[in-house]
Structures are given as C-alpha cells and as structure tokens.
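The next block holds one structure in the form of structure tokens; read it before the comments.
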Amino acid sequence: MAVLLTGGAGYIGSHTAVELISDGRSIVIADNFSNSSPGVIDRIEKITGRRPKVYDIDVCSPEALEKVFSENEIDSVVHFAGFKAVGESVAKPLMYYENNLYATINLLKTMKRHGTRRIVFSSSATVYGNPKTVPIREDADRYCTNPYGWTKYMSEQILTDAANADPELSVVLLRYFNPIGAHKSGLIGDDPSGIPNNLLPYITQVAVGRREFLGVFGNDYNTHDGTGVRDYIHVVDLAKGHLKAIDYAMNNSGVLAVNLGTGIGYSVLDIVKAFESATGLHIPYRIQQRRSGDIDACFADPAAALEKLGWKASLGIEEMCASAWNWQKNNPYGYGEKK
Ligand code: WQD
C-alpha cells in the first residue's frame with residue numbers, strides 16, 4: 001500500500017516525501033514539474049537511499065491519474081498539486097480556478113473508483129483573509145482576498161461536500177501558515193521561479209548575491225515595529241505534520257481542519273535580524289510601499305493540531321533561517337533549469 005503525493009516534487013511535497021520514506025512508508029509521486037525540478041527526485045533518493053516511483057503527469061488528466069491508481073495500491077493521498085502564486089492568480093484567475101479545482105475534483109473521482117478513502121489536503125492560512133483577531137482558530141471566519149486563496153477555500157468545500165456524501169471518506173484540511181527553511185542536508189529547499197514572491201527566498205537570494213537588497217513592503221502596519229507579522233514554520237516540522245495527518249485520516253472519517261503553525265508571530269524586521277544572527281551575514285534592506293493585499297498580522301492558534309493530531313512545531317526561527325541559508329549557499333541557483 002502506498003501514499004500518493006500529488007505535487008510531491010514541490011517545496012513542501014519533497015520535504016514530506018523525505019519524511020514519509022524515512023518513516024518506512026511507500027510513496028508514489030505524481031507531478032508535472034510545471035513548478036518543480038525533476039532533479040528533486042535524485043535529491044530525495046540521495047537523502048533517503050530510496051527512489052520513489054514518479055509519474056510525470058497532470059493531475060487534471062483523468063487518463064493519467066487512472067493509470068497511477070491502476071498501477072499502484074494507493075491507500076491515502078496527500079494533495080499538494082496546484083498553482084500557488086497569489087499575484088499570478090489575480091492576473092490569470094480562470095487558469096487558477098480551472099487547474100486547482102479540477103485537479104481536486106479529478107482526484108476525488110479517481111479515488112472513489114479505486115476505493116481510496118483517505119485524503120490530506122494542502123490548504124493555507126490564506127483562507128482566513130484578514131483575520132479579525134489573532135491568534136487564529138480553525139473556526140475563524142474565512143474570506144479570501146485573491147483567486148489563489150479562493151481556490152483553496154473552494155477545494156476545502158468540495159472535499160467537505162464529498163465527505164458529507166460519502167461517510168467512509170476521511171478528509172484532513174491542513175492550513176499552512178508560512179513554511180520556510182529546508183532539510184538539514186541542504187539538498188532540497190524552496191526554489192521559486194523568477195523573482196521570489198516570498199520573504200525568506202528573497203532574503204536568501206540577497207545573502208547569496210543574486211539580489212542587491214530586500215525591499216520591506218511597508219512599515220506602517222499595526223504591529224510592534226510597523227512591518228508585517230506572520231507565523232513562520234519550519235518546512236520539516238510542517239512535513240512531519242503530514243505524517244500525523246495521514247495517520248489521523250486512516251483512523252477516522254469525516255472532515256478535520258487543522259492549522260499548521262507555531263503560534264508565534266514574527267515581523268519582517270524580526271526575520272531579518274534572526275537571519276543575520278543565525279548566519280552572521282548582513283541583509284541590506286529598504287522600506288518600500290505596502291504590497292497590495294498584504295495584511296497586518298497573521299499567526300495560528302496551534303492547539304487543535306496538538307489535540308487532534310498529537311503534533312506541534314519544534315524548530316525555532318534561527319534554525320529555520322540557518323537551514324534556509326544552508327540550502328541557498330549550497331544551491332545558489334536552486335535546482336537549475338526547470339522542465
Ligand atoms: C511575508 C511578509 C510581506 C517579500 C504568502 C501567500 C500565502 C502562502 C504563504 C501559499 C509580508 C513581507 C515579503 C518581500 C517583504 N502561500 N515581504 N518583502 O504574503 O504572508 O503569504 O505565502 O499558500 O498564501 O499569500 O508570505 O513571504 O510573501 O510575505 O517585506 O520581498 O514579508 O509584506 O509581511 P505571505 P510572504
């Protein structure tokens with residue numbers, strides 16, 4: 001029996017693949033490498049000593065997904081595959097709705113045909129929009145501010161309705177806060193295409209000399225130092241949360257939504273300071289205008305994850321920064337050319 005990782009060659013997918021293999025579990029990866037590099041598979045093998053079975057497919061393709069399920073005994077799925085750039089989703093909403101929602105629908109239909117009843121979904125704190133209060137609990141109001149966020153919200157609803165119609169289906173919705181860092185080997189990490197949207201890869205590209213300085217998007221937010229506050233979580237802690245979520249799904253039915261965060265909020269300038277302290281490097285920055293759509297503060301109430309999954313984050317902000325730098329300094333241009 002195997003765990004299918006759709007989008008398993010991506011940043012979070014590859015880290016989850018390493019933790020699953022290291023835990024002795026059999027996995028299959030389905031990825032079209034549209035936003036990841038085939039070289040990741042070699043790195044997963046180098047870290048774990050085992051090469052996962054990989055299908056280079058579009059999860060939206062009924063025929064391709066049918067082949068995966070026909071050739072493997074899949075007893076659970078972790079669904080990472082999807083477009084995830086907020087800005088791109090605003091420019092190309094139909095591409096995002098078509099890809100991200102149809103991938104979820106096609107996956108559920110294929111799972112049903114093959115009697116696979118357990119799914120963990122890669123959701124996001126973005127479904128909370130601009131929270132009225134922090135820390136954020138899972139029963140907080142949800143409202144999205146961009147099409148990418150709405151695809152996560154709508155996929156959660158599709159999964160919830162599917163579970164309501166099929167009592168045997170077990171769904172765990174994992175709402176990630178801000179994943180950063182990299183596996184301690186420095187062999188896998190966050191490798192965004194083009195100019196990084198996210199804070200940490202931008203900082204590591206400044207550190208490695210690919211960018212001149214960090215632009216800090218606004219210092220007039222309602223936070224302790226005026227810069228945006230977020231809940232940064234080590235990607236390895238996040239990956240381990242998926243193993244707990246799979247175990248929960250295997251032993252329960254219905255729908256469980258869980259925040260995966262540390263419960264600690266750090267500002268942009270806190271992160272710059274933590275990165276400099278962890279690496280001994282200087283990160284030049286300039287205060288710039290706010291980025292459209294950004295919110296003041298967002299961090300998790302992590303209680304449900306501990307209560308329901310028996311999981312909590314354990315790695316601190318300096319380890320997150322040090323591991324991110326270890327990845328970037330060993331891979332100044334990431335995995336190199338994407339497919
Ligand atoms: C963090 C903070 C920025 C870059 C996004 C997505 C979310 C999720 C995680 C997928 C903010 C500031 C950033 C820079 C900066 N992705 N910043 N200069 O926006 O919290 O969340 O990634 O699920 O859906 O929205 O993360 O890393 O982009 O920004 O000052 O060059 O860093 O303003 O305060 P964000 P981020």
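The values are calculated or read from the model by the stated rules, or taken from the named source; none is laboratory data. All values reported here derive from a predicted model rather than from experimental measurement. Here Cβ is always computed from backbone atoms with ideal geometry, including for glycine, and neighbour counts include all displayed protein chains. Remember, those area values only see protein heavy atoms, side chains included, never the ligands or the DNA or RNA. Shrake-Rupley method; radii C 1.70, N 1.55, O 1.52, S 1.80 Å.
Going through the range 55-66 one residue at a time, which ones are open to solvent by 50 Å² or more (accessible area, probe 1.4 Å) and closer than 20 Å to SER36 by Cβ?
ASP56, ASP58
Of the residues in the range 201-234, how many are part of a loop (DSSP other than H, G, I, E, B) and either more than 8 Å from the ligand (Cβ to nearest atom) or on the phi > 0 side of the Ramachandran plot (or both)?
Result for the range 201-234: 15.
When you check ARG291 against the structure, is it outside any loop (DSSP other than H, G, I, E, B), more than 30 Å from ASN164 (Cβ to Cβ), within 13 Å of the ligand (Cβ to nearest atom) and more than 19 Å from the chain's Cα centre (by Cα), yes or no?
no
Is at least one residue of the range 25-33 open to solvent by less than 40 Å² (accessible area, probe 1.4 Å) and in a helix (DSSP H, G or I)?
no
Checking LYS84 against (1) assigned to a loop (DSSP other than H, G, I, E, B); (2) closer than 27 Å to VAL171 by Cα; (3) in contact with an Asp or Glu (Cβ under 9 Å, 6 or more places away or on another chain), only one condition comes out false. Which one?
Going through (1) assigned to a loop (DSSP other than H, G, I, E, B); (2) closer than 27 Å to VAL171 by Cα; (3) in contact with an Asp or Glu (Cβ under 9 Å, 6 or more places away or on another chain) one by one, LYS84 breaks only (3).
Hey, can you tell me all the residues within the range 151-197 that are at pLDDT 95 or above and of a type in the set (Ser, Thr, Tyr)?
The answer is THR151, TYR153, SER155, THR160, SER170, TYR176, SER185.
Can you pull out every residue in the range 101-115 that is open to solvent by 10 Å² or more (accessible area, probe 1.4 Å) and under 22 Å from the mean Cα position of the chain (by Cα)?
Passing the criteria: LEU101, TYR102, ILE105, LEU108.
Filter the range 116-145 for residues that are basic (Lys, Arg) and open to solvent by 80 Å² or more (accessible area, probe 1.4 Å) and give the result.
Correct list: LYS132, ARG137.
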